[in-house]
Amino acid sequence: MTSVNPVQDRIDELEADQDRAAALLERTLHLAGRQADRDLAPRLARRTLRLAVAFHQRARTARRELTDAINHLERHAR
């Protein structure tokens, strides 16, 4: 991170957030698949899927903010 450009700092944070959320989404979907294969309690699988949806939403939000920040930089670079 730099202290010179706060927008670039935010872009770096958003990229990291998006990467973490995508990794957590992949892990929870894999876990939900394993739970379904083992016929575990449906409530547990539903909870895992809800968690996966939350990680997906977190990644989507970070991606949207990231796009906005990049657009901001592009507008001011002209």
The chain accessible area per residue, 1.4 Å probe, protein heavy atoms, integer Å², reads 76 Å²
Report the paramagnetic label zone for LEU31: residues of the range 53-74 whose backbone N is under 15 Å from a point 7 Å from Cα along the Cα-to-Cβ axis.
-> 53-56
Angle between the chain longest axis and helix 42-77 axis [Cα atoms, degrees, rounded to 10] | 10 degrees
In the range 7-66, which trypsin sites (Lys or Arg not before Pro) are in a loop and have at most 11 other Cβ atoms within 10 Å, using DSSP for the loop call?
-> ARG38
In percent, how large is the relative contact order of the chain, given Cα pairs closer than 8 Å and 6 or more residues apart?
-> 41 percent
Placing +1 on each Lys and Arg Cβ and -1 on each Asp and Glu Cβ in the range 9-64, then taking the dipole about the Cα centre, the residue among THR61, ALA21, LEU31 whose Cα reaches farthest towards the positive end is LEU31
Among (i) 36, 10, 7; (ii) 39, 17, 7; (iii) 18, 15, 11, the entry derived from the coordinates for semi-axes √(5λ) of the Cα gyration tensor in Å = (i)
Magnitude of the Cβ-charge dipole (Lys and Arg +1, Asp and Glu -1) of the chain about the Cα centre, nearest 20 debye, reported as 520 debye
If one compares the long axis through the Cα atoms of helix 6-37 with the longest principal axis of the Cα atoms of the chain, the angle in degrees, nearest 10, works out at 10 degrees
Starting from the Cα of ALA16, step 7 Å along the direction of its Cβ; do the same at ARG47; then give the gap between the two resulting points in nm.
-> 3.0 nm
Whenever you get a sec, line up ASP17, ASP37, ASP9, ASP68 from highest to lowest accessible area (probe 1.4 Å, protein heavy atoms).
-> ASP37, ASP68, ASP17, ASP9
Under a GNM of the chain (C-alpha, springs under 10 Å), which listed residue has the highest mean-square fluctuation: LEU31, LEU44, LEU14?
-> LEU44
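The values are calculated or read from the model by the stated rules, or taken from the named source; none is laboratory data. It should be emphasised that the depicted structure is a prediction, and the values quoted were computed from it without experimental measurement. Note: ideal-geometry Cβ built from the backbone for every residue, glycine included; neighbour counts use all protein chains shown. These area figures cover heavy atoms from the full protein model, side chains too; ligands, DNA and RNA do not enter into them. Shrake-Rupley method; radii C 1.70, N 1.55, O 1.52, S 1.80 Å.
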